[in-house]
Amino acid sequence: QVRLVESGGGLVQPGGSLRLSCAASGFTFSSFAMSWYRQAPGKERELVATIHATGGSTTYADSVKGRFTISRDNAKKLVYLQMNSLKPEDTAVYYCKIIGRTTWGQGTQVTVSS
């Protein structure tokens, strides 16, 4: 079945960096656009970034533009989110998602705090 497993979260100081990974299985990964979402405590889940199936096109939320980079490796069935210049307001659980499907992974916690 379709499975998404996020990893790479943790505690980081403001201004630091993290790289999240999402391992996909159970579907033809290279045929689907992928996305990263996040959900902060008490807030709705929000779209952070998307990437086309080929990796040739990306989009970002205004709040992360210029700081985050989404990428993918279709051979390894992985999608990444490189997060730089992290801010306390980036604290959230981060999820990857197949665009057009309803499956969610378990998420990975990112905490930005000094």
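Note on the stretch 1-56: residues that are under 27 Å from Ser113 (Cβ atoms), among the polar types (S, T, N, Q) and open to solvent by 30 Å² or more (accessible area, probe 1.4 Å) amount to 4.
Number of residues in the stretch 11-33 that are in contact (Cβ under 8 Å) with a residue 24 or more places away in the chain and part of a loop (DSSP other than H, G, I, E, B) equals 9. Taking the criterion of being open to solvent by 40 Å² or more (accessible area, probe 1.4 Å) and farther than 14 Å from Ala24 by Cα, the residues of the stretch 61-101 that qualify are Asp62, Ser63, Lys65, Gly66, Thr69, Gln82, Asn84, Ser85, Lys87, Pro88, Glu89, Gly100.
In the stretch 67-102, which residues are within 14 Å of the chain's Cα centre (by Cα), among the β-branched types (Val, Ile, Thr) and within 13 Å of Leu4 (Cβ to Cβ)? Once the filter is applied, which keeps residues that are within 14 Å of the chain's Cα centre (by Cα), among the β-branched types (Val, Ile, Thr) and within 13 Å of Leu4 (Cβ to Cβ), the stretch 67-102 yields Val79, Ile98, Ile99. When residues of the stretch 35-63 are filtered for being within 17 Å of Gln109 (Cα to Cα) and assigned to a loop (DSSP other than H, G, I, E, B), how many remain? Residues that pass the stated criteria total 6. Filtered by the rule that a residue be of a type outside the set (Ser, Thr, Tyr) and touching a Ser or Thr at 6+ places or on another chain (Cβ under 9 Å), the stretch 93-114 gives Val93, Cys96, Lys97, Ile98, Ile99, Gln109, Val110, Val112.
The values are calculated or read from the model by the stated rules, or taken from the named source; none is laboratory data. Predicted, not measured: the structure shown is a model, and the values here were computed from it. Positions of Cβ are backbone-derived with ideal geometry, glycine not excepted, and every protein chain shown enters the neighbour counts. These area figures cover heavy atoms from the full protein model, side chains too; ligands, DNA and RNA do not enter into them. Shrake-Rupley method; radii C 1.70, N 1.55, O 1.52, S 1.80 Å.
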